[in-house]
Amino acid sequence: MEEAARRLSIGRTTMYALIRDGAVQTVPIGRSRRVPVQALSDYLAQRMQSRPINAVA
């Protein structure tokens, strides 16, 4: 989870909130959960589509 948060440049708490809310999908592996790179790409693509075209970062 920490690496996924780092890739999105967000905090760990925010990453866990995104996962809890279902915005970012995870995959169970054994007793842990992992965030696939594709899940991060999907989340970012969704955010880009919902963002107004003239918005400034």
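The values are calculated or read from the model by the stated rules, or taken from the named source; none is laboratory data. Keep in mind that this is a model prediction, so the values were computed, not measured. The protein model used for the area step is the full one, side chains on, heavy atoms only, and it has no ligands, DNA or RNA in it. Shrake-Rupley method; radii C 1.70, N 1.55, O 1.52, S 1.80 Å.
Before moving on, here are some points about what is shown:
- Arg34 long-range amide H proximity, modeled H, under 5 Å: Val27, Ile29
- Size of the chain: Rg and Dmax of its alpha carbons, in Å, are 12.3, 44.
- Only DSSP H runs of four or more residues enter the estimate; each adds -39500 (n - 2.57), and after division by the residues of the chain the mean residue ellipticity at 222 nm equals -15500 deg cm²/dmol.
- Of the solvent-accessible surface of the chain, computed with a 1.4 Å probe over protein heavy atoms with every protein chain present, carbon and sulfur atoms account for 51 percent.
- For the set Met15, Met1, Met48, solvent exposure ranked by accessible area (probe 1.4 Å, protein chains only) runs largest to smallest as Met48, Met1, Met15.
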